[in-house]
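Worksheet for the structure shown next.
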């Protein structure tokens with residue numbers, strides 16, 4: 001006898017629809033860019049009506065910010081685990097080696113930066129999320145320097161900002177990536193950190 005399929009509650013159904021919209025939007029944004037993406041295209045990709053999309057998000061900017069928030073939350077979780085290790089540079093190196101290995105997200109990251117510069121409201125919200133991410137990375141860097149008994153050459157927030165700039169700049173300069181390919185920014189950041197940690201007193 002086939003198992004009885006339980007009906008989703010209203011909250012569960014709404015959450016499922018929202019996730020499907022986000023997944024579809026991610027594909028559409030990566031494929032056509034922010035300017036080329038439309039709510040109609042996102043709805044079609046998700047298999048929903050345009051009304052179903054608008055019942056969850058006010059605009060495509062709102063979808064874009066939610067995608068960024070989810071991505072950064074995932075990275076913050078990873079950074080938190082690394083920070084708990086304190087001095088485990090091998091774990092940090094492993095994270096840097098695999099960072100930005102999602103080719104679709106790398107394209108989205110470029111779109112996010114460009115749109116944040118063109119839209120004041122979106123840019124303010126984008127900057128707020130970036131600040132949270134930078135502070136979490138700065139905490140990890142502070143722990144890393146302390147574990148190596150090395151005094152940072154400047155504010156750890158500036159070092160974190162430098163690492164983020166390397167990652168973002170690399171995304172703009174590199175050729176298109178294939179799925180699973182490692183981001184060369186990881187190698188650059190590892191060289192940068194090694195130089196700071198092993199510099200002469």
**Prompt:** Any chance segment 1-19 includes a residue that's surrounded by 16 or more Cβ atoms within 10 Å (Cβ to Cβ), more than 30 Å from residue 186 (Cα to Cα) and at pLDDT 90 or above?
**Reply:** yes
**Prompt:** Which residues, counting only those in segment 30-53, are within 24 Å of residue 113 (Cα to Cα) and surrounded by fewer than 17 Cβ atoms within 10 Å (Cβ to Cβ)?
**Reply:** 31, 32, 33, 35, 36, 38, 40
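The values are calculated or read from the model by the stated rules, or taken from the named source; none is laboratory data. Just so it is clear, the structure is predicted and the values come from calculations on it, not from any experiment. Positions of Cβ are backbone-derived with ideal geometry, glycine not excepted, and every protein chain shown enters the neighbour counts.
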